[in-house]
Every structure is written in C-alpha cells, then in structure tokens.
Amino acid sequence: MTVVLIAAVAGLLIGSFLTVVVDRVPRGASIVQPGSACGNCGLRLGPLDLVPVFSWLALRGKCRQCHTSIGVEPLVLEVSTAALFSLSAWHFGWSWRTPAFCVLMAGLVALTWIDLRTKRLPREITYTTAAIGAPLLCIAALVEGEPKRIWMMLLGAAIALAIMALIYWASRGGMGDGDVRLAPLLGGYLGFLNPGFAPVGLFFGFVLGAVVGLALIAVKRAGRRTALPFGPFLAAGAVLAVFAGQWYVDLLLAR
Ligand SMILES: [Zn+2]
C-alpha cells in the first residue's frame, strides 16, 4: 500500500510539472526558465499557488490576483498522472518496474494532452520518455535476473515499429509520423512484459480509435476525412495492454 501512496504523491507533483511541459514544449520554450506565471496579469506563481490539486481547488481554477480562469488543465493532468502512477505501483509493487512504467505514464499523459490540443506528438517528449524509460527497464531486467527482457524490449519495439511503418505506408498520409515515432516506445515497454503484447497494444489502440471515430461520425456528422488525433488512442491502447494484456492473451489461448 505504501508504494501506491508514494506513487500517488509523485504523480501529483509530476502532473504539475507536466502542466509546464505541455504548455511550453510545443512552443519550443524552455521548461526550466522562467518560473510559472499567470498568462493574463503576469503574476509569478509562488509555492502556495503550485500545490497540486489543492491550489486549484482553493482558487477554483482562477488566478489569485486577476481572477482569470486558468482552465482545467492543471487539475486534469495532476489527477490523471497520479491515477496512472498509483495503478502502476499497485500492479508492479516494490520493483524497478514501477518507476520505469511511471515514466511511460507521464510521457503518455503529456503526449495525449498535446495531441488533443495541437494534433502533434512532439518528438522531444517521445525521445525523452524513451531515454529515461529504457535504462530503467534494463535495470529492472538485470535486478530481476532476467536479462532476456532487454531483448524482449527491443523485439517489442521492432514489432511495433514494423506494424506502424506498414500502416503509415498503406494509409498514404492518414497517419502522422509522430504516431510512427511513438510506436517503438510503446512496443518496447510492452515487449519487456511480453513481445506479444506489442501487437495487442496497437490492436487495442486501433479498436478504441475506430469506436470513438465511428461515434463521432454518428453524433457530429463529422466527415470521414476529419482528422482524428491518433496518439491518444495509441497511448490508451498501450496502457490497457500493460494492465490487461495478460488477461487478453490468456483469453485468446483459452479458446
Ligand atoms: Zn493573473
């Protein structure tokens, strides 16, 4: 239980940092300097304005000085990151897998939010997530005495990249290259668990994308060519495969 609590608190703090990341990375601005400020009156935010969730609730999502709404972004990012961190800690317990998968969750929260708003998946975030996550997965594999998992990770990444490259080629522009860059990151993580999870995660993503896409066409009469950001579905599919991949594979094999 302790590990879930620690992960929840870490998730709130990282989620708060992701608010800065999703705002600045798409603009190419530094995520370190300057400190956070109100976009309307320029009030520099102090430690009391930056307590995850609590500050937002206390100020009801408004700037302390000019009362301009700061939107739901900080709350959504903090709560969803904390939830995914807690779920990872609950699933993996006290092990190197927990911090490794928390890195993936943080990257996916940021990528999902940016893709929904800008229809882009910044390569900086995909590469940073891989650069921090891959060494942690390698440490986990070695500490667990299963170095073969490093090869499983590479195999998963290769499988996911091959599938997405094929779809990219076949869709002739229907799929963004950000989605292709994201695939080996997801495949690597899923491959670490089981290389078979890599195609399962992509499959989950495509099913989710198709269901939501069809629902949107039905509800909003959106055209078939309406571009739907695909990153969030890939991310959701991968998260689903992390936690439910084994269940799904067992289901397939039981038949
Ligand atoms: Zn203000």
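Quick notes on this structure:
- Values of log10 I(q)/I(0), in the order q = 0.09 Å⁻¹, for the chain under a Debye, Cα-only, solvent-free model: -0.43
- Mean separation of Cα contacts under 8 Å (6+ apart) over length of the chain, as relative contact order %: 16 percent
- Residue order, fewest to most beta carbons within 10 Å, for Trp247, Trp56: Trp247, Trp56
- Here the spin labels are modelled as points 7 Å beyond Cα on the Cα-Cβ line, and at Phe17 and Met175 they lie 3.2 nm apart.
- The Rg/Rh ratio for the stretch 117-255, using Cα coordinates for both the radius of gyration and the Kirkwood hydrodynamic radius, is 1.01.
- In this label model, Val3 and Ser30 are separated by 3.8 nm, measuring between points 7 Å along each Cα→Cβ vector.
- Cβ crowding within 10 Å ranks Phe92, Phe17 as Phe17, Phe92, fewest other Cβ atoms first.
- Using bins of 5 Å that start at zero, the share of Cα-Cα pairs per bin across the stretch 63-130 amounts to 3, 16, 20, 19, 17, 12, 8, 4, 1, 0, in whole %.
- Here the stretch 85-124 and the stretch 30-61 have alpha carbon centers that stand 23 Å from each other.
- A straight Cα-to-Cα reach below 23 Å connects Lys148 with none of the lysines, residues fewer than 8 places away in its own chain not being considered.
- Gain upon complete extension [Cys41, Ala165; 0.36 nm per residue less C-alpha separation]: 40.0 nm
- In the chain, helices alone account for a calculated mean residue ellipticity at 222 nm of -24500 deg cm²/dmol, with every DSSP H run of four or more residues adding -39,500 (n - 2.57).
- Taking Thr68, Thr2 and counting other C-beta atoms within 10 Å, the order from fewest to most: Thr2, Thr68
- Projecting the Cα atoms of Cys66, Ala37, Leu136 onto the charge dipole of the stretch 37-146, computed from C-beta unit charges around the Cα centre, puts Cys66 farthest toward the positive end.
- The stretch 18-119 shape via C-alpha gyration tensor axes, a/c threshold 1.5: prolate
- Alpha-carbon centroids, the stretch 140-166 and the stretch 231-255: separation in whole Å: 16 Å
Any read-out appearing in this document is the output of simple, stated calculations on the displayed coordinates, not a laboratory observation. Just so it is clear, the structure is predicted and the values come from calculations on it, not from any experiment. For neighbour counting, all protein chains shown are included, and Cβ atoms are generated from backbone atoms with ideal geometry for every residue, glycine included.
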